[in-house]
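Below is one structure; the comments refer to it alone.
The values are calculated or read from the model by the stated rules, or taken from the named source; none is laboratory data. Computed from a predicted structure; not experimentally measured. Neighbour counts run over all protein chains shown; Cβ positions are idealised from the backbone, glycine included. Note: areas computed on protein heavy atoms with side chains; ligands, DNA, RNA excluded. Shrake-Rupley method; radii C 1.70, N 1.55, O 1.52, S 1.80 Å.
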Amino acid sequence: MCFGALAGCTALYQNHGYVPPDEDLAQLVPGVDTRAKVDEVIGAPSASGVLSAGDYYYVRSRVRSFGMFRPEVIDRQVLAISFDARDVVANIERFDLRDGYVVPLSRRVTDSTVEGKGFLRQMLGNIGNINPADFF
């Protein structure tokens, strides 16, 4: 029974994601290689950027769970490969937990204008908003 209690206090580690090793990254040359070459050498990532022409982001995390305590991220690596307008590698950057910072999330909720109004009041309130020209 004592061994069972001790086994419950053992830290569990979970690995998530993938970051290519440095040996594979050494095959890529910024300013020369294209997106197709990146896909061939290290594969397409599971996440890509939507704002800057689809840059590639490879993310790997290691999480430690210990008993009843909240899981803790003990290691995170992010590899960012950016491309220029011609789909040529512009930059290769590596980040870890020391490079990150906490981003405070704000919860903004749009007020509903129908709150507290019944179904009939909502229906009758739209009568003046109908424009017959929209139907022809």
Can you give the local net charge around Ile74? Use residues other than it whose beta-carbon is closer than 14 angstrom to its beta-carbon, Lys and Arg +1, Asp and Glu -1.
+3
Note down the accessible area of Leu97, probe 1.4 Å, to the nearest 10 Å².
80 Å²
The stretch 62-85 to the stretch 8-44: how many Å between their Cα centroids?
14 Å
